[in-house]
Ligand code: AKB
């Protein structure tokens, strides 16, 4: 039997699917979902749930003690676009939630932590193509600064206190079960909903903005594989580069056109363009491949087919 797991931020885009997958794998009663708000019916009815504020150490500690939690997946965060509007709130949520969980692990109240980083740790001075694991990192967004700082703290807690913390730098994630909220890569989900509803989409990024992306099934598989790998295989304790596919809004529209011939895309770039321009176009994930066997399965065509089939219902 797997020891109990706590997911903080279980109602978000990644948290929802992670909860379902971990419950299937380890048994619903062993996976405690928590969030500051309740989620959809399917999630709420699939197993235990606790209302939990990720910035409240005492509240997290109570849940950890009550359920004898062994591993925590901390998925609560304010994403790039929203964080630009509320810098201090983003810093408070993104950093304090991480310290809460790292300190629980340091004090041996839990034994393993997953914390998501992002391609947002890179900045305008980072090499754009095939961005390596170790390179210039000068993030120019509030979210990116919080993620880069978080990476440094993860490595520090591992080296100084032996905390078993594991992390990946997620690219933009594409999923149909739960909408993303407040990110710069959100267009790559909205576009499918609008294509089916209206046959048209106005994109907030320019046609040729190439970004690293990944289908959610791949992201969940990567996350669980990393967490299940033997500790000695995990050499990177800041966060691993992780690649799936890269494409532009124009290429994405073409892949939708193959299924919905009349679909039309138009472009009205807003403040998110500057954020996207500061991020890599593609990622080199050699370390993740070599150290714990990462390999993506979904390309753009497969993703489009999956998204449209599932959203059509
Ligand atoms: C965002 O757009 O903010 C996120 C991310 C790339 O971390 N999806």
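Taken together, the values in this text are just the output of simple stated rules run on the coordinates, not laboratory data. All of these numbers come straight from a predicted model, not from anything done at the bench. FYI the Cβ positions are ideal-geometry reconstructions off the backbone, even for glycines, and counts take in every protein chain you see.
If you scale each eigenvalue of the Cα gyration tensor by 5 and take the root, what three semi-axes come out for the chain, rounded to whole angstrom and sorted largest first?
Those come to 31, 22, 18 Å.
Subtract the Cα-Cα distance of residue 103 and residue 301 from 0.36 nm times their separation in residues, and report this length gain in nm to one decimal.
67.0 nm
Rounded to the nearest 5, what % of the DSSP beta bridges within the stretch 173-287 are antiparallel ones?
35 percent
Compute the long axis of helix 300-312 from its Cα atoms, compare it with the longest principal axis of the Cα atoms of the chain, and write down the angle in degrees, 0 to 90, nearest 10.
80 degrees
Can you pull the one-decimal nm distance between simple spin-label points at residue 37 and residue 2, each 7 Å off the Cα toward Cβ?
Here the answer is 2.7 nm between the modelled labels.
Can you give the FRET efficiency for residue 88 and residue 257, using 1/(1 + (r/R0)^6), R0 = 45 Å, r = Cβ-Cβ distance, to the nearest 0.05?
That pair, residue 88 with residue 257, gives E of 0.60.
What's log10 of I(q)/I(0) for the stretch 154-218 at q = 0.13, 0.28 Å⁻¹, Debye sum over Cα points only, no solvent?
-0.51, -1.26
Determine the equivalent ellipsoid of the stretch 7-140 by diagonalising the alpha-carbon gyration tensor, then write out the semi-axes as square roots of 5 times the eigenvalues, largest first, rounded to whole Å.
Each semi-axis is √(5λ); the values are 28, 17, 16 Å.
Using a basic spin-label model with each label point 7 Å from the Cα along Cα→Cβ, how many nm lie between residue 29 and residue 229?
The answer from the label model is 3.3 nm.
What value, in deg cm²/dmol to 500, does the helix sum -39500 (n - 2.57) over DSSP H runs of n ≥ 4 give at 222 nm once divided by the residues of the chain?
Value at 222 nm, helices only: -13000 deg cm²/dmol.
Write down Rg/Rh for the stretch 76-225, rounded to two decimals, with Rg from the C-alpha atoms and Rh from the Kirkwood relation over Cα pairs.
0.99
Between the helical axis of 87-106 and the dominant principal axis of the chain, each derived from Cα atoms, what acute angle in degrees is found, rounded to the nearest 10?
That helix lies at roughly 40 degrees to the long axis.
I want to verify the translational diffusion coefficient of the stretch 1-78 in µm²/s; compute it with Stokes-Einstein, Rh as the Kirkwood radius over Cα pairs, at 20 °C and 1.002 mPa s.
178 µm²/s
Want the number for residue 140 to residue 190: 0.36 nm per residue separation, take away the alpha-carbon distance, what's left?
Length gained, residue 140 through residue 190: 15.5 nm.
Compute the helix-to-body angle for 187-198: its Cα long axis versus the longest principal axis of the chain, expressed 0 to 90° and rounded to tens.
50 degrees
Ordered by packing density, taken as the mean number of other Cβ atoms within 10 Å over each peptide's residues, highest first, how do 260-272, 286-298 rank?
Details: 260-272: 13.7, 286-298: 16.2.
Packing proxy ranking, top to bottom: 286-298, 260-272.
With no solvent and one equal point scatterer per Cα, compute the Debye intensity ratio I(q)/I(0) for the stretch 242-298 at 0.22 Å⁻¹ and report its log10, rounded to two decimals.
-0.96
Please give the Cα centre distance for the stretch 243-313 versus the stretch 121-162, rounded to the nearest Å.
23 Å
Which order do the peptides 109-118, 131-140 take when ranked by the mean count of other beta-carbon atoms within 10 Å per residue, highest first?
By packing density, highest mean first, the sequence is 109-118, 131-140.
Over the chain, what is the percentage of antiparallel beta bridges among all DSSP beta bridges, to the nearest 5?
10 percent
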